[in-house]
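Q: This structure is in structure tokens; I'll ask about it shortly.
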Amino acid sequence: MSLNDLISPSDLAAALRDCQAPDSFNHKKFFQLTGMAKKSSSQVKDIFRFLDNDQSGFIEEDELKFFLQRFESGARVLTPTETKSLMAAADHDGDGKIGADEFVEMVHS
């Protein structure tokens, strides 16, 4: 399975175009534009596994700055402000990392 099986390439391209400028990333809008917000919890967890670069079961802050690049290698890195904002939106237990269930909750919020 690849990300293209879960997210339409044209939807992903539109979402990445929308946040090309530094500090323009809005996770809620990104999840809407990619169609992730409408995916089942199981599908969102599959996407999470692609984003968990080191396969630790969590997305840590150092991985999170490369969030857009996990979808498209030529995409930009998130700014420190965007990275912290995304972490704050998902890290509900305050452990400094995002688990699969936290990710699903953020995508569906």
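The values are calculated or read from the model by the stated rules, or taken from the named source; none is laboratory data. Predicted model only: the values in this text are computed from it and were never measured. All Cβ positions, even for glycine, are placed from backbone atoms using ideal geometry, and neighbour counts span all protein chains on display. Quick note on the areas: whole protein, heavy atoms, side chains included, nothing else; ligands and nucleic acids left out. Shrake-Rupley method; radii C 1.70, N 1.55, O 1.52, S 1.80 Å.
Q: Beyond 17 Å, how much of the Cα-Cα pair distribution for the stretch 56-109 remains, as a whole percent? Walk me through the numbers before you get to the answer.
A: On the way: 484 of 1431 pairs.
Distances greater than 17 Å cover 34 percent of the Cα pairs.
Q: Another question, then. Using a 1.4 Å probe on the protein heavy atoms, what percent of the accessible area of the stretch 32-101 belongs to carbon and sulfur?
A: Values: 1750 of 3610 Å².
Looking at the stretch 32-101 in its full context, I get 48 percent from C and S.
Q: Just name one of VAL44, PRO22, SER56: the one whose Cα is farthest towards the positive end of the charge dipole of the stretch 6-66 (beta-carbon charges, Lys/Arg +1, Asp/Glu -1).
A: Checked the options; the winner is VAL44.
Q: From zero outward in steps of 10 Å, how is the percent of C-alpha pairs of the stretch 1-64 spread across the bins?
A: Going out from 0 Å in 10 Å bins, the stretch 1-64 shows 20, 49, 30, 0 percent.
Q: May I pose another question? I'd like to check one number: the per residue accessible area of the chain, probe 1.4 Å, reported in Å² as a whole number.
A: Details: 5740 Å² over 109 residues.
On a per-residue basis, the chain sits at 53 Å².
Q: What number, rounded to the nearest 500 deg cm²/dmol, is the helix-based mean residue ellipticity at 222 nm of the chain, given -39500 (n - 2.57) per DSSP H run of at least four residues and division by all its residues?
A: Working: 8 runs with 62 residues, N = 109.
Mean residue ellipticity, 222 nm, calculated: -15000 deg cm²/dmol.
Q: Could you tell me what fraction of 2.2 N^0.38 Å the Cα radius of gyration of the stretch 16-108 comes to, as a two-decimal ratio?
A: Numbers: Rg = 12.0 Å, N = 93, 2.2 N^0.38 = 12.3 Å.
Relative to the 2.2 N^0.38 Å estimate, the stretch 16-108 comes out at 0.98.
Q: Give me the dipole magnitude in Debye, nearest 20, for the chain about the Cα centre, with unit charges on the beta carbon: positive for Lys and Arg, negative for Asp and Glu. Walk me through the numbers on the way to the answer.
A: Details: 12 positive and 19 negative charges, 99 e Å.
About 480 debye.
Q: What spacing in nm lies between the two simple spin-label points modelled at LYS28 and SER10, each 7 Å away from Cα in the Cβ direction?
A: With each label placed 7 Å out from Cα toward Cβ, I get 2.7 nm.
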